[in-house]
1. Of the conditions (1) closer than 28 Å to A:L360 by Cα; (2) modelled with pLDDT under 95; (3) outside any helix (DSSP H, G or I), A:G81 fails just one. Which one is it?
2. Going by the structure shown, is A:M639 within 11 Å of chain B (Cβ to nearest Cβ), more than 16 Å from B:S628 (Cα to Cα) and surrounded by 17 or more Cβ atoms within 10 Å (Cβ to Cβ)?
3. I'd like the residue in segment A:588-616 that is without any contact (Cβ under 8 Å) to a residue 40 or more places away in the chain and at the interface with chain B (Cβ under 9 Å from one of its Cβ atoms) and, out of all such residues, is farthest from A:N378 (Cα to Cα).
4. Residue by residue through segment A:267-292, note down the ones that are within 22 Å of B:S623 (Cβ to Cβ), away from chain B (no Cβ under 14 Å) and surrounded by fewer than 19 Cβ atoms within 10 Å (Cβ to Cβ).
5. The conditions are (1) within 11 Å of chain A (Cβ to nearest Cβ); (2) at pLDDT 95 or above; (3) open to solvent by 20 Å² or more (accessible area, probe 1.4 Å), and B:E576 fails exactly one of them. Which is it?
6. Across segment A:375-399, which residue is surrounded by the most Cβ atoms within 10 Å (Cβ to Cβ) among those that are of a type in the set (D, E, K, R) and away from chain B (no Cβ under 14 Å)?
7. Only residues that are part of a strand (DSSP E or B), in contact with a Leu (Cβ under 7 Å, 6 or more places away or on another chain) and open to solvent by less than 10 Å² (accessible area, probe 1.4 Å): list them for segment A:551-573, please.
8. Restricting to segment A:600-631, name every residue that is assigned to a loop (DSSP other than H, G, I, E, B), closer than 23 Å to B:N310 by Cβ and charged (D, E, K, R).
There are 2 protein chains.
Amino acid sequence: MKINNYNNKSDVKNTNKLKAISVKDIKFNAGFWAEKLQLVKDVVIPYQWQALNDQVPGVEPSHTVEHFRIAAGEIDREYQGRVYQDSDLAKWLEAASYSLAYNKNPELEEITEKLIELIEKSQEADGYLDTYYTVVEPEKKWTNVRDRHEMYCAGHMIEAAVAHYESTGKRKLLDMACKLADHIDSKFGSDKGKVRGYPGHQEIELALIRLYRATGDEKYFNLSKFFIEERGQKPHFFDQEAQKRGEKEKKHYRNIFDYQYSQSHLPVREQKVAIGHAVRAMYFYAGLTDIAIETGDSELIKVAKRLWENVTGRQMYITGGVGAEDNGEAFSFDYDLPNDRAYTETCAAIGLVFWAQRMLRLELDGKYADIMEKALYNGVMSGISLDGEKYFYVNPLEVWPAATKKRYDLRHVEYTRQQWFGCACCPPNIARLIASIGQYVYFHNNKEIYLSLYTDSDAKFAINDRNVFIKQKTNYPWDENVTIIINTEESLEFSLGLRIPGWCNQAGLKINDQEINLSDITEKGYAIINRKWNNGDQLVLHLPMSVERIKSHPQLRYNIGKVTIQRGPVVYCLEEIDNGSNLFDLKLPSNNKLIAEYDQELLGGITIIRGTALRTDKESWDSKLYQSGQEKMLTVPIMLIPYYAWSNRESGEMLVWIKEKEL
Amino acid sequence: MKINNYNNKSDVKNTNKLKAISVKDIKFNAGFWAEKLQLVKDVVIPYQWQALNDQVPGVEPSHTVEHFRIAAGEIDREYQGRVYQDSDLAKWLEAASYSLAYNKNPELEEITEKLIELIEKSQEADGYLDTYYTVVEPEKKWTNVRDRHEMYCAGHMIEAAVAHYESTGKRKLLDMACKLADHIDSKFGSDKGKVRGYPGHQEIELALIRLYRATGDEKYFNLSKFFIEERGQKPHFFDQEAQKRGEKEKKHYRNIFDYQYSQSHLPVREQKVAIGHAVRAMYFYAGLTDIAIETGDSELIKVAKRLWENVTGRQMYITGGVGAEDNGEAFSFDYDLPNDRAYTETCAAIGLVFWAQRMLRLELDGKYADIMEKALYNGVMSGISLDGEKYFYVNPLEVWPAATKKRYDLRHVEYTRQQWFGCACCPPNIARLIASIGQYVYFHNNKEIYLSLYTDSDAKFAINDRNVFIKQKTNYPWDENVTIIINTEESLEFSLGLRIPGWCNQAGLKINDQEINLSDITEKGYAIINRKWNNGDQLVLHLPMSVERIKSHPQLRYNIGKVTIQRGPVVYCLEEIDNGSNLFDLKLPSNNKLIAEYDQELLGGITIIRGTALRTDKESWDSKLYQSGQEKMLTVPIMLIPYYAWSNRESGEMLVWIKEKEL
């Protein structure tokens, strides 16, 4: 019999790991992310607080905060709404906590303090915390972790607690989270008397690792590892659990009884392709990568890399969106990436960012940073309106509104952003990601600093116990230049790694006005400069952003004969408001010049792309549905905007993959 | 208040109508339809008889004949299977009846005689005939004509009866059908005491007109007209009927409570676009056209033409398939014709043939014959395998088997033909259509004869009480030439109309070796030759069949930049077995020569088309999912086969709309 020895505490080995910079150690001054952070502080967090408190006019009440008030005994009301909504509040609290790290905000501080008190009152004496079971079915706790999201909600509360602790230094919520995690640890695990179970929706795995990193308590690391390694073992826990509940028949809601849906079809080490519910998959793969970072386990590293290659090499949209199937909100299969029926849940793109960040820490390679950046600027940011108050759950790559309205197989697609959702996982998820964006900019240990996202900012590091300050000056992603200024208390030797994006062919670097030959020092997407740095050293990185026509692998059948326009990390699209209807009829001549042009006024300040395309001359086509012969084409001007900024004006058609006319 | 005066008996006005030739008056000698008729006789009818008797190994029992045996009291068994299966048997009996008109077949004659006796025993004393209600819920007859198909089954039985009478001269089944129709007439209609109702699934409308034409009894015409005109009137019959049943909640199975599903959203005269369940729509539009033929009602003619223009100008696949939505097996909306998710039920294409034939009789115009022919050779014939024993219910225009297997939104699509279906409406429907193909070849009255389908055959007509025999010699649709020989007892003046197909640009005609200027005599797709015909006169019609590249209207977004190859009336496709996998990657250079070549051995004898196309050189593409730069293209040979013949060899990809590389 094979022994599962993965609960061995000696697993934590990897000591000089790359850490993400703490959100407390980086400030944003101007430009893309500074503006988004401001929006999150000024609009998104207040708006979402209203939504969670059922105060947004015209929006169905979510009952989220209400649940805690009922559980805390503050009000006596019927429990309405969904079983997993505690997590929405936890995500919001996580976002609010990061925001407090960036900005003094007494009003928000008071709200969060009171909220934490409310949560405290909702927590049971033994640490249990889940308002649904506390209020509605207290006798059924932990009887259906496959479907009922108790661990998912716990995970988000733990993440909020770590964020609150790291941002504010206050321990109250962290202590509650430890109590909750201890309670779960008393119930689940490989020890005798514990349930060898794991959650239907992964999330707590990530949370426990963060709790371990925040507290240093290996118990949390081990429980996370247990959940990841136990998943998919035989006999199957979900079957045993269902049997205990007395379930006979398999229900077929969203393939929930299909092990693949929850990535529990195989033990983690045997998994080779991304499968099932895309958000669960992303959280799972991020979680197993976390374990690999901590343990350096070569087999698990192989699993992480194999899954990464499958997702990014065969199952990812060019926007960084994942999940090509509405049914099960799931991955489809290799190269099956239809544009109109994409699911590409905002949360899944967010999950890909989480995973990419961990892959980058596992193995410093620009290819991970490239995907992280791609998902951030495209598939994630498309999920929130420019005004911060409207959201996409599904992020399609082409929209024909009439079909979206009429076709049953497009019923999951919206072409205007929504104020809120019945299942509102995405809005607070995007809020917490933006609010924690600093974590994705720098990675470091005590002798190396790596710049992975370029954005106007000031960051602080400790190198061999000395402070190093790095300032970035840039209007990236619109601007091609990044000026980096090093400030140190004294001259100091360390490695500075600058990411050379995969989309950039002719990068240039000057250090103190001296041209550097990048090819000599660049490996795996990072230019490494190891030298003694003096206070005031200045680097100027030039990242030429030519307007690129990107094509898909020829097996990606939906995109053959089409191109996507990309400039820097930003994927572009056509919108009907700029280009008229029937975007599908536009053909981009392959020799056509496309000009990038910054427009300060449009859509919050964006670089647009202008050019010309061919379009069928309607005069040359009579009313026939089918006919032979050559139609006449007209040359028409076109204008593209960043994909993330679509659907912020009039609603209409949108298209990412544009037909190409090869010349 | 508006008076519905449509039940006025004086409505039958149109006296010199074009009739379809009777199946008894045409024989097929060789070629496409002769072979299909032979197949129907030798294989299809015996095979389907086995299926209806639950004798096909490996196929789920249909219980169809069993239902009649239970109803007749011959056996005592539980009633299993679907409520509308009487119609499958009726369609089979209709097919068998036509077959008896073409061929002596004592064995089949005996089977049908015995079957008619069995049906007679199943019919109740008052004429009622529906095995489900007789056996299972006798107290609930006529309480749910919206959903339960009593009238649909009655319609098919009446059609079988008319076919049997016209083919064999025997009245027994016809008398049973009259009794059944009289029974229905006693229950439904505008007279006091009758229910102002109509069926959820149209079909009886067509049947009653045929019964009227066979018997001369205007009662049947009036009942048909009542059903058509009453549909969609307010207050809505389906609501009244549901209320009587005590139904409170609306069930949402297949939008069955959506009036549009059954074309009952508006009164017939207000309907402007094709909508809802495609088979119901086709039968409805064919039925209303029948009424227009009989009455010459200009308003109804306008309705028929308007719906025709909508369907054929905006909602029809190039194969003559209709129905772009799986959900509700329905029409989608103008120009929404996706190829992979097409529903295009075989029965709907058959319904389009029925309708086109009636439009042609309403107004002699080649455009109706063009669509009739297009649907016959493509969207209908694709529904049956070359061996006659396997069927498609859904007829997609492109198939990627891996996606078909995996994607939920493609779950209605099969890529291999099936032996039978749980809902087996299509197989016997295609059998009865092929068996009655003669009805589509000639239309005539007592002074005009119109050839609308070209096929090797001998036909007989009465012109002013004199016999005229017309022989066609041709291997159409493979062959471009049709030789037409007139035989008369004596020289006789009449109009002979030859259809000049819409797909043919350079038709030529010789009469007795003398070249005729076709443009002088051709109007609305028919060349009309009015002269005194002598015995032995010979016409040679030359219909050049160039290989055409057909394009779609630029609003048909799914087909932009693509072409379909058509030769004569036959639409072509690529199959994986001939062209390798990933057909979606093939690009047809616009200047490329495509050669038609008859292959006697392949797929029962077909004209194939050969040429070359461009395909991505895999060597020029590394493993990346997305990249910039130009890929290398290879020139590869391609081979196309008629669409109807696909999926008769190995299963694999199939593609009708092929990318074009414009040069």
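The values are calculated or read from the model by the stated rules, or taken from the named source; none is laboratory data. Computed from a predicted structure; not experimentally measured. Neighbour counts are summed over all protein chains in view; Cβ atoms, including those assigned to glycine, are modelled from backbone coordinates with ideal geometry. For the accessible areas, the whole protein counts, side chains as well, though only heavy atoms, and no ligand, DNA or RNA atoms are used. Shrake-Rupley method; radii C 1.70, N 1.55, O 1.52, S 1.80 Å.
1. Failed condition: (1).
2. no
3. Filtering first and then ranking leaves A:T616.
4. A:K272
5. (1)
6. A:E389
7. A:V563, A:I565, A:Y572, A:C573
8. Listed by number, the residues that qualify are A:D622, A:K624, A:E631.
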